[in-house]
Amino acid sequence: MEAFFTKRGSTLVPAPEARGPWAPDMMHGRLLAGLLARDIEREHGDPDFQAGRITVDLFRSPPMKPVEVTTRAVRTGRRIKVVDGEISIDGDVYARASVVLLKRSEQPAGEVWTPPPWDMPHPDSLPAPASGAPWEMRSVGESWFGAFEQKRMWLRESRPLIDGEELTPLVRVATAADIANPLANSGTNGLEFINGDITLYLARLPVDEWIGFEVTRHVSADGVAIGECAVYDTRGPIGTSTVSAVAQPKLETQKS
């Protein structure tokens with residue numbers, strides 16, 4: 001399938017599929033998270049370090065125009081590294097990221113309480129619904145964006161982020177993390193909150209293409225919402241994705 005972006009010099013040009021759900025001339029915020037993770041990993045990644053936290057601030061609506069990504073190291077230590085990134089369009093900054101990289105080491109021997117294993121069926125055992133979305137989603141029952149229930153879902157990207165490049169595990173999960181907003185913050189009227197950020201915490205990287213999400217929290221008052229999902233791969237839990245959001249005019253979300 002066609003990629004979301006193609007390279008043109010120092011910029012990345014969005015394809016029509018990069019449009020988001022809120023406006024025809026607005027790029028999808030989840031793709032900005034993927035682009036920031038991609039450049040930070042390429043320019044500052046280290047196999048001895050794990051991206052423990054990725055925070056992406058989505059403070060301006062990005063138009064469907066070429067984007068430029070820049071990164072810089074804030075701190076490079078023995079056990080912790082911090083990297084910042086920005087996405088610019090026509091010279092203006094539309095999103096920024098802060099990534100904390102933590103040194104991998106020997107796992108402590110002590111036992112720590114963890115929740116019970118995720119009881120979600122393997123994605124291969126679930127039916128693949130008809131979908132117009134640029135990703136593949138599989139859920140149990142009616143656990144879609146407009147449902148009034150705790151939502152649980154598998155997600156798999158079906159397009160490359162950038163033409164000619166394979167998705168790395170980090171870029172794959174960073175691109176998917178934005179799904180926490182429609183999962184945690186949608187209800188009987190569909191999705192009525194638009195998120196202004198994404199924070200992805202990772203203890204490890206996903207082992208394959210499928211990323212699982214389970215809503216663990218939704219809190220909202222006075223038009224402000226916080227949504228949180230536990231994040232999984234087919235072997236078990238890998239982290240969490242949290243978003244903050246503000247009320248937005250009603251979006252009629254279709255089943256995907």
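Which one of these is modelled with pLDDT of 95 or more, within 28 Å of ALA247 (Cβ to Cβ) and not acidic (Asp, Glu): ALA23, ALA51, ALA33, ALA73?
ALA33
Go through the range 184-201 and give me each residue that's within 12 Å of the chain's Cα centre (by Cα), crowded, with 22+ Cβ neighbours inside 10 Å and either farther than 15 Å from HIS28 by Cα or not β-branched (Val, Ile, Thr) (or both).
Scanning the range 184-201 gives ASN195, LEU200.
Report, ordered by the first and then the second residue, all pairs with beta carbons closer than 6 Å, sequence separation of six or more or different chains, a first member in the range 7-24 that is under 22 Å from GLY91 (Cβ atoms) and surrounded by 15 or more Cβ atoms within 10 Å (Cβ to Cβ), and a second member that is modelled with pLDDT of 95 or more and of a type in the set (Val, Ile, Thr).
Between residues of the range 7-24 that are under 22 Å from GLY91 (Cβ atoms) and surrounded by 15 or more Cβ atoms within 10 Å (Cβ to Cβ) and residues that are modelled with pLDDT of 95 or more and of a type in the set (Val, Ile, Thr), the close pairs are LEU12/VAL67; VAL13/THR6.
Return the only residue of ARG79, ARG53, ARG75 being touching a residue at least 40 places away in the same chain (Cβ under 8 Å), over 17 Å from LEU31 (Cα atoms), charged (D, E, K, R) and in contact with a strand residue (DSSP E or B) (Cβ under 8 Å, 6 or more places away or on another chain).
Of the residues listed, the single one that is touching a residue at least 40 places away in the same chain (Cβ under 8 Å), over 17 Å from LEU31 (Cα atoms), charged (D, E, K, R) and in contact with a strand residue (DSSP E or B) (Cβ under 8 Å, 6 or more places away or on another chain) is ARG53.
Taking the range 25-36, which residues are out of contact with any Gly (no Cβ under 9 Å at 6 or more places or on another chain) and surrounded by 16 or more Cβ atoms within 10 Å (Cβ to Cβ)?
LEU32, ALA33, GLY34
Please give the strands (runs of 3 or more DSSP E) falling wholly within the range 151-256 in which 3 or more residues are within 17 Å of PRO134 (Cβ to Cβ) and of a type outside the set (Phe, Trp, Tyr).
Strands (runs of 3 or more DSSP E) meeting the threshold: 152-157.
Restricted to the range 127-143, and to residues that are buried (at least 16 other Cβ atoms within 10 Å of the Cβ) and polar (S, T, N, Q), which residue is modelled with the lowest pLDDT?
It comes out as SER143.
The values are calculated or read from the model by the stated rules, or taken from the named source; none is laboratory data. Being a predicted model, the structure only gives us computed values, none of them experimental. We place every Cβ from the backbone using ideal geometry, glycine too, and count neighbours over all the protein chains shown.
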